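The next block holds one structure in the form of structure tokens; read it before the comments.
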Amino acid sequence: MSIDSIFGPIKALADAFVKLGGSLVLLALVVDVFVPGQTDIVANLSGLINQFVDAGLAGLVAFIVVVTGLVSQDGTA
């Protein structure tokens with residue numbers, strides 16, 4: 001029994017939850033654009049980006065790390 005056969009289904013399940021979360025965030029973003037104030041995700045995302053900007057160089061490095069972590073192995077988000 002290899003380690004891949006043990007952790008393969010767990011990784012697939014985690015990937016499915018991450019993709020679902022990304023889809024829900026995008027859906028909330030679209031809802032907030034068409035019906036402002038419904039989900040407040042635009043305000044939350046702008047606040048998050050402002051936190052990175054306010055931190056200066058350390059914020060830039062942290063932002064690069066976060067974006068790199070969000071991009072999958074094949075280069076797509």
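The values are calculated or read from the model by the stated rules, or taken from the named source; none is laboratory data. All values derive from a computational prediction rather than experimental measurement. Note that each Cβ is placed from the backbone with ideal geometry, even for glycine, and that neighbours are counted across all protein chains shown.
Can you tell me which of THR39, THR68 is of a type in the set (Val, Ile, Thr) and not in a helix (DSSP H, G or I)? Just one listed residue meets the conditions, THR39. Looking at LEU27, is it of a type in the set (A, V, I, L, M), surrounded by 11 or more Cβ atoms within 10 Å (Cβ to Cβ) and either at pLDDT 90 or above or under 18 Å from VAL67 (Cα atoms) (or both)? It is true that LEU27 is of a type in the set (A, V, I, L, M), surrounded by 11 or more Cβ atoms within 10 Å (Cβ to Cβ) and either at pLDDT 90 or above or under 18 Å from VAL67 (Cα atoms) (or both). As a summary of the residue check, VAL35 satisfies the conditions (1) at pLDDT below 85; (2) over 18 Å from the mean Cα position of the chain (by Cα) except for the one numbered (1).
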